[in-house]
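Engineer: The structure that follows is given in the form of C-alpha cells.
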Amino acid sequence: MMRLVPRDEISAGWQIATPLLAVLATMIAGGILFTVMGYDPVAAIRTIFWDPLFGSAASYSRPQLLVKAAPLILIASGLAMGFRAGIWNIGAEGQYIIGGITGAAVALVAYPAEGMWIFPAMVLAGALGGWAWGMVPAMLRNWFGASEILVSLMLVYVAQKVAAWMAFGPMKNPEGFGFPGSRNLQQYPAASNPELIAGTGAHWGVVAAAAAVLVTWFLISRHIRGFHIRAAGLAPRAARFAGVRPETLVAFCLGLSGACAGMAGLFEVSGPAGQITDSFGSGYGFTAIIVAFLGRLHPVGILLAGLLLALTYIGGELAQLTLQLPAATVQVFQGMLLFFLLGFDLLTRFRLQRGIAA
C-alpha cells in the first residue's frame, strides 16, 4: 500500500509553480467537463479566460475586472494574516454583509444631508461592523475555546438573516413602492462610490484593495506583529516562549480580517450593488479564501490571484450569455481550482512511498 511521507525539504520552486499547475489542471478538467455536458471545450475556455480581456465585449468587461477583483483582494489580504498564524476565519462573507449594513446605515440616517464627512463615516462604520462581527468568534475562542472555524461560518447565516430583516424592515425604502430593499445609494451623491477614472472601473474599493496589499506586505515583512504571526504559524510553542500571546493574536487577526471584509461590503453596497437587499452578499467572502491560498498568502500573489478569480466571474457571466452555460459554472471552476491547489500543495509537502505490509 502507498502512504504519504513528509519531504525532508520543501522546494521553493514547486511552491511557486503549484498555483500555476492548479490553474492549468482546472482548465483541463473544465474542458473535459464541458465536453461531457455537450459544449465546445475550446470555445468555453476561451470565453471564460480570453474574451473578457481581448474579445468583442472587452471594452465593457475589462473595467469590470477591477470591480470584481477589489473586494476579493481586500478580503483576502485580511484573511491571509490569520491563515499565516493558523487562525481560520471562514466567515468573511458574514463580516462582508454586516459591514455593508452598518456602512449603509450611516448613509440612510444622514439622508438627505450632503457633506464630505458622510462617505468617510460610512467606511469607518463598515470597518467597525465587520470588526465587531469578526470579534465574536475571537472572544468565544479566547474565553471558551470554541472553534473559530465553526463560529465564524455559522455567523454567515446569521448575517444573511440580518440582511433580509433589514431589507424588509428597518432599512426598507419608504419610497420603494413596497419592494424590499434600502434606498439606492448610487442615487445619493454624498454616499455613492462612483468610478474615479472614467472607463477603468476603479472606485474607492480598488484604492482600498491596493492599500491593503501594501499594508499587508509591511506588516508581514517589516513589523513585529508580522514576526509574531509568522512565528505562531510555523512553531506555536516556540512563539509562546518568544513572548507571543495567542489570545492577542487571535483578536488581532480575526478583528483585522473582519474589518477588511466589512470595508469590502461597504464599498460594494455604495457602488456596484447600490443597496441592501434580502440577497445582499455575492459570495466574495468565500471566494477570497481561494484567493488567499492561490496567492500563497503573499500580498503580491493575492493581487494576481484576485485578478484571476475576478476573470472567472466575468468570463462565467459572458459564457452564460453567449454559450448558455449553466450559472453554476463559476462555482464549479472555483471549486476545482481549490481542489487542485490543495492536491498539488499536499504533494509539495509530502511524497508517496510504498508501505511495508505487516
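The values are calculated or read from the model by the stated rules, or taken from the named source; none is laboratory data. Fair warning: this is a prediction, and the values are worked out from it, not measured in the lab. Reconstructed Cβ throughout: ideal geometry from the backbone, glycine too, with neighbour counts over all protein chains shown. With ligands, DNA and RNA removed, areas are computed over all heavy atoms of the protein, side chains included. Shrake-Rupley method; radii C 1.70, N 1.55, O 1.52, S 1.80 Å.
Engineer: Take Leu79 and decide whether it is closer than 25 Å to Arg225 by Cβ and open to solvent by less than 10 Å² (accessible area, probe 1.4 Å).
Structural biologist: Details: closer than 25 Å to Arg225 by Cβ: yes; open to solvent by less than 10 Å² (accessible area, probe 1.4 Å): yes.
Yes, satisfied.
Engineer: Just to verify a result, which residue in segment 199-219, among those that are of a type in the set (Val, Ile, Thr) and crowded, with 16+ Cβ neighbours inside 10 Å, is farthest from Val151 (Cα to Cα)?
Structural biologist: Looking only at segment 199-219, we keep the residues that are of a type in the set (Val, Ile, Thr), and these are 200, 206-207, 213, 215-216.
Next, only the ones that are crowded, with 16+ Cβ neighbours inside 10 Å stay: 206, 213, 215-216.
Working: Val206: 30, Val213: 27, Val215: 27, Thr216: 25 Å.
Applying the filter and picking the extreme gives Val206.
Engineer: May I ask you to list pairs of residues, at least six apart or on different chains, whose Cβ atoms are under 6 Å apart, with the first in segment 331-352 being among the basic types (Lys, Arg) and the second being open to solvent by less than 60 Å² (accessible area, probe 1.4 Å) and part of a strand (DSSP E or B)?
Structural biologist: Here the result reads Arg351/Val5, each pair linking segment 331-352 to a residue that is open to solvent by less than 60 Å² (accessible area, probe 1.4 Å) and part of a strand (DSSP E or B).
Engineer: Separate question: Sort through Gly281, Gly285, Gly335 and tell me the only one that's of a type outside the set (A, V, I, L, M, F, W, C) and more than 30 Å from Ser182 (Cα to Cα).
Structural biologist: Working: Gly281 fails: more than 30 Å from Ser182 (Cα to Cα); Gly285 fails: more than 30 Å from Ser182 (Cα to Cα).
Testing whether each residue is of a type outside the set (A, V, I, L, M, F, W, C) and more than 30 Å from Ser182 (Cα to Cα) leaves just Gly335.
Engineer: Further, regarding this structure: Does Pro236 satisfy the criteria of being surrounded by 12 or more Cβ atoms within 10 Å (Cβ to Cβ) and more than 30 Å from Asp278 (Cβ to Cβ)? Don't jump to the end; show me each part of the working.
Structural biologist: Working: surrounded by 12 or more Cβ atoms within 10 Å (Cβ to Cβ): yes; more than 30 Å from Asp278 (Cβ to Cβ): yes.
Here the answer is yes, as Pro236 does meet what is asked.
Engineer: Pairs needed: first member in segment 1-18, touching a residue at least 40 places away in the same chain (Cβ under 8 Å) and farther than 11 Å from Arg351 by Cβ; second member anywhere, loosely packed, with under 10 Cβ neighbours inside 10 Å and not charged (D, E, K, R); C-beta distance under 8 Å; at least 6 residues apart or different chains.
Structural biologist: Sorted first by the residue in segment 1-18, then by its partner, the pairs are Met1/Ala357.
Engineer: Inspect segment 129-138 for any residue being modelled with pLDDT of 95 or more, surrounded by fewer than 19 Cβ atoms within 10 Å (Cβ to Cβ) and not charged (D, E, K, R) and give the result as yes or no.
Structural biologist: Within segment 129-138 (the criterion being modelled with pLDDT of 95 or more, surrounded by fewer than 19 Cβ atoms within 10 Å (Cβ to Cβ) and not charged (D, E, K, R)), the answer is yes, since at least one residue qualifies.
Engineer: Sort through Ala69, Ala57 and tell me the only one that's touching a Leu at 6+ places or on another chain (Cβ under 7 Å) and surrounded by fewer than 17 Cβ atoms within 10 Å (Cβ to Cβ).
Structural biologist: On the way: Ala69 fails: surrounded by fewer than 17 Cβ atoms within 10 Å (Cβ to Cβ).
Only one candidate qualifies: Ala57.
Engineer: Oh, and also: Look through segment 157-177, keep the residues that are assigned to a loop (DSSP other than H, G, I, E, B) and open to solvent by 50 Å² or more (accessible area, probe 1.4 Å), and return whichever of them is farthest from Gly265 (Cα to Cα). Don't jump to the end; show me each part of the working.
Structural biologist: Keep residues of segment 157-177 that are assigned to a loop (DSSP other than H, G, I, E, B), which gives 169-177.
Those left that are additionally open to solvent by 50 Å² or more (accessible area, probe 1.4 Å): 170, 172, 174-175, 177.
On the way: Pro170: 19, Lys172: 18, Pro174: 23, Glu175: 24, Phe177: 26 Å.
Here the answer is Phe177.
Engineer: For a quick check of your reading: which helices (runs of 4 or more DSSP H) sit entirely within segment 246-324 and have at least 2 residues that are open to solvent by 20 Å² or more (accessible area, probe 1.4 Å) and within 18 Å of Gly99 (Cβ to Cβ)? Before the answer, list the steps.
Structural biologist: Values: elements: 246-269, 284-294, 299-323.
The helices (runs of 4 or more DSSP H) meeting that bar are 246-269, 284-294.
Engineer: Restricting attention to segment 78-106, which residues are of a type in the set (A, V, I, L, M, F, W, C) and either assigned to a loop (DSSP other than H, G, I, E, B) or within 18 Å of His203 (Cα to Cα) (or both)? Steps first, answer last, please.
Structural biologist: Filtering segment 78-106 for residues of a type in the set (A, V, I, L, M, F, W, C) gives 79-81, 83, 85, 87-88, 90, 92, 97-98, 101, 104-106.
Ala85, Ile87, Trp88, Ile90, Ala104 - these are the residues of segment 78-106 that are of a type in the set (A, V, I, L, M, F, W, C) and either assigned to a loop (DSSP other than H, G, I, E, B) or within 18 Å of His203 (Cα to Cα) (or both).
Engineer: Given the conditions (1) in a helix (DSSP H, G or I); (2) touching a Gly at 6+ places or on another chain (Cβ under 8 Å), and given that Ile149 satisfies all but one, which numbered condition is not satisfied?
Structural biologist: (2)
Engineer: For Arg222, only one of the following conditions fails: (1) open to solvent by 80 Å² or more (accessible area, probe 1.4 Å); (2) at positive phi. What is its number?
Structural biologist: (2)
Engineer: Condition test on Gln15, is it modelled with pLDDT under 85, under 30 Å from Ala211 (Cβ atoms) and in a helix (DSSP H, G or I)?
Structural biologist: Against the criterion (modelled with pLDDT under 85, under 30 Å from Ala211 (Cβ atoms) and in a helix (DSSP H, G or I)), Gln15 qualifies.
Engineer: Here's something else I'd like to know. Being modelled with pLDDT of 80 or more and open to solvent by 50 Å² or more (accessible area, probe 1.4 Å): is that true of Val5 here?
Structural biologist: Details: modelled with pLDDT of 80 or more: yes; open to solvent by 50 Å² or more (accessible area, probe 1.4 Å): no.
Spelling it out, it is not the case that Val5 is modelled with pLDDT of 80 or more and open to solvent by 50 Å² or more (accessible area, probe 1.4 Å).
Engineer: Could you tell me whether Arg225 is charged (D, E, K, R) and part of a helix (DSSP H, G or I)? Steps first, please.
Structural biologist: Working: charged (D, E, K, R): yes; part of a helix (DSSP H, G or I): yes.
In short, yes.
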